[in-house]
Structures are given as C-alpha cells and as structure tokens.
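The values are calculated or read from the model by the stated rules, or taken from the named source; none is laboratory data. Note that this is a predicted model, so its numbers are computed, not measured. Note that each Cβ is placed from the backbone with ideal geometry, even for glycine, and that neighbours are counted across all protein chains shown.
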There are 2 protein chains.
Amino acid sequence: MTLAKARPRTRIQKKNRAAILEAALEVFSTHGFRGATVDQIASEAGLSKPNLLYYFPSKEAIHSALLERLLDTWLDPLRAIDPQGEPLEEVLAYVRRKLEMSQSLPRESRLFAMEVIQGAPRIHDVLSSDLKQLVDETAALLEDWMAQGRIARVHPHHLIFSIWSLTQHYADFDVQVRAVLGREDPFAAAPAFLETLYRRLLTP
Amino acid sequence: MTLAKARPRTRIQKKNRAAILEAALEVFSTHGFRGATVDQIASEAGLSKPNLLYYFPSKEAIHSALLERLLDTWLDPLRAIDPQGEPLEEVLAYVRRKLEMSQSLPRESRLFAMEVIQGAPRIHDVLSSDLKQLVDETAALLEDWMAQGRIARVHPHHLIFSIWSLTQHYADFDVQVRAVLGREDPFAAAPAFLETLYRRLLTP
DNA sequence: GTCTATAGCCTGATAGAC
DNA sequence: GTCTATCAGGCTATAGAC
C-alpha cells in the first residue's frame, strides 16, 4: 500500500503519470480549468477515464500537480539574476531566458496566463507571498543599480512587469502574432528587438 | 462570425439584450467559452435560462455578438494614428489610448486574450485578414517615419506587438500585478513608465 | 414574452469484474 | 492495474402552457 503523495514506483506508472500531465498541459492550457474535460485529457493520454482517475483522484488534483511543477521552474530565471554581475547584462540575460522559455514552453506560459486571467483562484496566495517577495527583492537590487547610476532610472516593478509582458506575449498570443506576421517567424526578430528596447531604456 | 441579427425593437428587449451581453462579458472573460455556462450568464443577467435563449439562439451566438462588438472598438486606437501628425507623439498617444482601454475595459481585454490563447478559433480569419492589413499599413507608416529619421529604427511589427503586450498586461494580469504591487495602484505609475520607455526607444 | 418542465447529452467520479 | 458499466448531477437547448 502506497501513500497518496508517494512517487510512482513502476515504469508503467511513471510513463502513465507523465502522459497524463502532458495531455493535461495541452488541454488545460487551451481551455482553462472549467473548459477542460477529464475525458479529453484521458483520450489524449491514451487512457480510459477511470484509468486516469486511478492515477489522480480528481480533475482538480491533475491541475494542482501541473501548477505546482510549473511554479518551480517559472521563477527560476528571476532567481538567476546575479547581484554581482554587470547590471545591464544581467537584465538582458533575464529577458533572453524568459523569451527562450516562451519559445520552448509556450503551453506552460498559457497555462499560467489562463490561471491569472481567471483571477488566479488557485495560486493567489503564492503570488502575493512568494512571488511578491522575490519581485520586491529584485526590485530593490534594480534600485541599487539605478542609484549607483549603472542603469537608467525607471520604476523597478513596472520594469519587471514589462519583461514578463513582452516575453510571454510571444507564447500566449502566438496565434495572433503569427497571423499578423504571415510567414515571418516571430522568434527570428524578437530577441534583437527586445535587446534593443532594453538597451535604449536602461543605458544610463 | 455570424452576421448581426435584426435590432431589438422594444425597450424591454433592448434592456434584456444589454443585460445578457453585460453578464456574458463577465462570465466569458473569466472562464472562456467552454468554461462559461448559460445558466451562470442567465442568472447574472437576472433572467431564466430559457428566457435568455429567447433573446439569443445559442451560447455560441452570445459569444459571437460579444466578439463582434468588441473587435469594432478594439482596433479604433490603431486606426486613430494620424499619418500627418508628429511621429513620436502619435505613437505615445496610441500607447496612452491603449492603456486607458486596459483600465476602463479590462473584461473586454480579457475576453480577447482568452479567445487568442485558446487559438482564436472564432476570430482567426479576422486576425489574418483585417487585423493583418491594418497592422501592415501602420507598420509601413512607422517605417516611413524611421526612414525619414523622425523616430529611431526598430522592427515596426514588433513595436506594435510591444504596445499591445505592455498595455494589455495591466488588464489581463491585473490580479498578479496587484498581488505583487500590494497597495500601490498599477495605473498610478504605468502611464509614466510606458511614456519613458517609448521615448527612450524611439527618440532618434 | 416569460415561465415550468423536460429532453438528451455530457460531466466527474465510482463499483466491481478480471 | 486496467477494463466495462454505471451513477448522479450539470449541460445546452426545446416544447408547450399562460
């Protein structure tokens, strides 16, 4: 008998759990929590609905597992800013990492966007505690750099918002961006555009 | 998208149709199309479900009516850019108008965001025809201005994306922005931040 | 024009055979 | 561990009384 939170032990269990989370990411990120159906997730994972519910006790549990796993990795680029580094280069590297995440993990970005647009009912506490603290710390660091004249003055919190916004836009609004650009790949010109933008904004 | 039906004639009909669209905006913008229920919309509009379905033939029809009404007003700020105006001021005025729309029409912004994140199944044609054309025209205007040295060189399409992204972020991610800022009103510092950003980016 | 009643399907979740 | 069968409730939409 295994505890509810114990890691899966067999190869089949690992494979099925992974398939479920993969399918759930696809469905939740395009339809939101209420719009997603267990049937659809099970079908995309290649399992029957009851079989899926053998691995996760409920729809809610799948969604929580996804969000939990996501929040871990989602804030890593922010934590990776080095207070000892060269200020402008640190910011540009952060922008680059966030943009790469939009390109390589667009569904994760949309899952997060969905949750927040819907009022963040499941992660509001994390946003106003852990996230707020991390952002406040980073904002303080940015303000130091500004006070030392190493980057130009702007509102540090809004600077961080702008980075989130500009990078995640390429994942969340991918369809619109591609519809407007036609054949041109969004990620061809985006890195240079964002680098130019933040160089001009922050060069003292 | 379906064509608009005949306008309602009586005062009661006008009032009820307006109440339904108002309620539907609230529900669709927070739960997406599939996550929204006719029951919830009817209840928020103060009508019974069958009564609601007397005014609109289906859930789909309500959603279409909302999107149709929205697309009209959503692109007005872009159309209002004056080719004869002073380039930098025209862009800044566009940014200002878009930000004001995020503040005054956040649910409309989220409705649009939801639709696009879900793959824009109902407006994809409009995006790649009407919207693309409008953006291409504006991009051409921006390129003229850049060629004349009246604003600095950047990728014109990505410049437009950046304006959408930065302004709509304050509506779509309102919950997150407020969670991070605490007591501070997002719209207090946002206008100045965005003006600074685009002045530094575009001043030749 | 608005209601009650309900059709008919889909939902999340469970029971029990194998 | 995985399946078929199934539940109770929620879903969109319709029928028909008034």
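Return the only residue of A:LEU78, A:LEU25 being within 16 Å of DNA strand C (Cβ to nearest atom), in contact with a Leu (Cβ under 7 Å, 6 or more places away or on another chain), within 14 Å of chain B (Cβ to nearest Cβ) and part of a helix (DSSP H, G or I). Lay out the reasoning, then the answer.
Working: A:LEU78 fails: within 16 Å of DNA strand C (Cβ to nearest atom).
It is A:LEU25.
You will find that of A:GLU90, A:GLU86, A:GLU44, the residue that is out of contact with any His (no Cβ under 6 Å at 6 or more places or on another chain) and farther than 30 Å from A:TYR198 by Cα is A:GLU44 and no other. Against the test of being under 20 Å from B:ALA120 (Cα atoms), assigned to a helix (DSSP H, G or I) and touching a Leu at 6+ places or on another chain (Cβ under 7 Å), the options B:LEU99, B:LEU70 yield a single qualifying residue, B:LEU70. Condition test on A:GLU108, is it away from every other protein chain (no Cβ under 11 Å), surrounded by fewer than 18 Cβ atoms within 10 Å (Cβ to Cβ) and away from DNA strand D (no atom under 16 Å from the Cβ)? No: the conditions fail for A:GLU108. Residues of region A:102-112 that are in a helix (DSSP H, G or I) and either β-branched (Val, Ile, Thr) or touching a residue at least 12 places away in the same chain (Cβ under 8 Å) (or both): A:SER102, A:GLN103, A:PRO106, A:ARG107, A:GLU108, A:SER109, A:ARG110, A:LEU111, A:PHE112.
A:LEU75 meets all of the listed conditions (1) hydrophobic (A, V, I, L, M, F, W, C); (2) at pLDDT 95 or above; (3) away from DNA strand D (no atom under 16 Å from the Cβ) but one, namely (2). You will find that of B:ALA65, B:ALA61, the residue that is more than 8 Å from DNA strand D (Cβ to nearest atom) and part of a helix (DSSP H, G or I) is B:ALA65 and no other.
Just to be sure, is A:ARG122 surrounded by 20 or more Cβ atoms within 10 Å (Cβ to Cβ) and of a type in the set (Lys, Arg)? Against the criterion (surrounded by 20 or more Cβ atoms within 10 Å (Cβ to Cβ) and of a type in the set (Lys, Arg)), A:ARG122 does not qualify.
Keeping to region A:28-52, report how many residues are more than 8 Å from DNA strand C (Cβ to nearest atom), in a helix (DSSP H, G or I) and away from every other protein chain (no Cβ under 14 Å). Selection size over region A:28-52: 6. Please go through region B:56-69 and give me each residue that is within 14 Å of chain A (Cβ to nearest Cβ) and away from DNA strand C (no atom under 16 Å from the Cβ), ordered by number. Those that are within 14 Å of chain A (Cβ to nearest Cβ) and away from DNA strand C (no atom under 16 Å from the Cβ): B:HIS63, B:LEU67.
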